[in-house]
1. Of everything in the range 33-46 that's within 27 Å of residue 94 (Cβ to Cβ) and open to solvent by less than 90 Å² (accessible area, probe 1.4 Å), which residue is modelled with the lowest pLDDT?
2. Under the condition of being modelled with pLDDT of 95 or more and either assigned to a strand (DSSP E or B) or open to solvent by less than 40 Å² (accessible area, probe 1.4 Å) (or both), which residue from the range 129-158 is farthest from residue 81 (Cα to Cα)?
3. Name the residue that is farthest from residue 61 (Cα to Cα), counting only residues in the range 76-94 that are touching a residue at least 40 places away in the same chain (Cβ under 8 Å) and open to solvent by less than 30 Å² (accessible area, probe 1.4 Å).
Amino acid sequence: MAAFHKHYLKIVLITLSALAGVIFFAFLSVVIYQNRQVIIDSVNAKPETFTELYFENNENLPQKITTDQNFNFKNPTLALFTFQFSVHNKENKDMTYLYEVFTIIDGKKTLINTGELFIKNNETQTTTEKFSAEKIFPKTEVVVNLINKNQEISFWMEIKTK
């Protein structure tokens, strides 16, 4: 009789285990079904798209001009300054970027240059800008603005007399 009870107990335990497994998988199926869009979106995630805008050689941007640098205060157009900025296209498609370079002196914007850059996907283009000291006297912010991306970078310049 004890053997019969042991055998009966094994059958009950196996049945309960199978029932618990069925309930667990049913619950898991309901959870997966209710969250199917989140799961689909995570599996089919689109790559992030963005544009990198940065100064080349940013540690050597023009910053301070002093009179001992042979600065021609009588004719500031003779003093030309250059810098480079780069645009890296990570938009997952070819892009045309419209840009403007300008100064801001006491809240007033003065245009230095405008342009257009066509950049293939995952490529970088570097542009050199030149401007005269008359555009920076006495202290100004130099700004590069990607117009159609609403993205900009800037640096400050200042003329100091010794």
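1. Going through the range 33-46, the residues within 27 Å of residue 94 (Cβ to Cβ) turn out to be 41, 44-46.
Checking the rest, the ones that are also open to solvent by less than 90 Å² (accessible area, probe 1.4 Å) come to 41, 45.
On the way: 41: 68, 45: 71.
It comes out as 41.
2. Looking at residues that are modelled with pLDDT of 95 or more and either assigned to a strand (DSSP E or B) or open to solvent by less than 40 Å² (accessible area, probe 1.4 Å) (or both), I get 151.
3. Going through the qualifying residues, I end up with 91.
The values are calculated or read from the model by the stated rules, or taken from the named source; none is laboratory data. Not measured: the values here are computed from a predicted model. Methodologically, a virtual Cβ is constructed for each residue, glycine included, from the backbone with ideal geometry; neighbour enumeration extends over all protein chains shown. To get the accessible areas, we keep the full protein, side chains included, count just its heavy atoms, and leave off ligands, DNA and RNA. Shrake-Rupley method; radii C 1.70, N 1.55, O 1.52, S 1.80 Å.
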